[in-house]
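The values are calculated or read from the model by the stated rules, or taken from the named source; none is laboratory data. Source: prediction; values computed, not measured. Note that each Cβ is placed from the backbone with ideal geometry, even for glycine, and that neighbours are counted across all protein chains shown.
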């Protein structure tokens, strides 16, 4: 599967799969908060911890989204 097909699969999942859509929305919200933190000139210790925690949570969400996408691709390529 090439990059365009993978992107098409993700677009379909966003439209048709509630779980994938919820994970993507959570990922987007975390990404927004992470950018807010990154834009600050200085992070307090609690904000530094929040930044690390957000990055880890984003990775977990991305892994879950990729697992759903992989299952979708396997189902639709068979």
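Which ones in the stretch 4-58 are farther than 13 Å from residue 69 by Cβ and assigned to a loop (DSSP other than H, G, I, E, B)? Result: 39, 40, 41, 42, 43, 44. Residues in the stretch 9-43 that are farther than 20 Å from residue 59 by Cα and exposed (fewer than 13 other Cβ atoms within 10 Å of the Cβ): 6 in all. Residue 55 meets the conditions (1) within 18 Å of residue 12 (Cα to Cα); (2) modelled with pLDDT of 95 or more in every case but one. The failed one is (1). Residues 46, 77: which one is exposed (fewer than 10 other Cβ atoms within 10 Å of the Cβ) and either in contact (Cβ under 8 Å) with a residue 24 or more places away in the chain or touching a strand residue (DSSP E or B) at 6+ places or on another chain (Cβ under 9 Å) (or both)? Going through 46, 77 in turn, the sole match is 77.
Kindly establish whether residue 68 is farther than 24 Å from residue 7 by Cα and either part of a helix (DSSP H, G or I) or modelled with pLDDT of 95 or more (or both).
Numbers: farther than 24 Å from residue 7 by Cα: no; either part of a helix (DSSP H, G or I) or modelled with pLDDT of 95 or more (or both): yes.
Considered against the rule, which asks whether it is farther than 24 Å from residue 7 by Cα and either part of a helix (DSSP H, G or I) or modelled with pLDDT of 95 or more (or both), residue 68 comes out as no.
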